[in-house]
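For reference, the structure is listed below as structure tokens.
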Amino acid sequence: MSSRIVIIFYTKPECSLCEDAATLLEAAGHHWSLEVQMVDILRDPTLYDLFWNRIPVLEFADGATLEPPITRERLTAFIRRSLPEP
């Protein structure tokens, strides 16, 4: 596997889109070394105000964000662009 890719996953309980994104991240973790940091937006009023109508949101180390619809294809493209140059 290549370098670890850090992804911040903004989510909240009882969010079906978040559950779908988590499943995609789990599958992607079989192909790439991912460090997924789950952040419940309900625990932080600032994050809630920022993301309440946008979750799930994935934030990569370079600051790029992936917002719905989060598909396998879009997630793969974002992961690949996050990989270090060979």
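The numbers here are math on the coordinates, done by the rules we state, and not lab data. These figures come from a predicted structure and were not determined experimentally. Here the Cβ is made from the backbone with ideal geometry for all residues, glycine too, and neighbour counts use every protein chain on show.
If I filter the range 47-66 down to residues being loosely packed, with under 15 Cβ neighbours inside 10 Å and of a type in the set (D, E, K, R), which single residue comes out as nearest to residue 24 (Cα to Cα)?
The extreme case among them is 54.
Of the numbered criteria (1) exposed (fewer than 15 other Cβ atoms within 10 Å of the Cβ); (2) among the polar types (S, T, N, Q); (3) under 17 Å from residue 4 (Cα atoms), the one residue 82 fails is (1).
In the range 53-86, which residues are without any contact (Cβ under 8 Å) to a residue 24 or more places away in the chain, touching a strand residue (DSSP E or B) at 6+ places or on another chain (Cβ under 7 Å) and more than 17 Å from residue 39 (Cβ to Cβ)? If the condition is that a residue be without any contact (Cβ under 8 Å) to a residue 24 or more places away in the chain, touching a strand residue (DSSP E or B) at 6+ places or on another chain (Cβ under 7 Å) and more than 17 Å from residue 39 (Cβ to Cβ), then 74, 78 are the ones that fit. On inspection, residue 67 passes the criterion of being of a type in the set (Asp, Glu) and in contact with a Lys or Arg (Cβ under 7 Å, 6 or more places away or on another chain).
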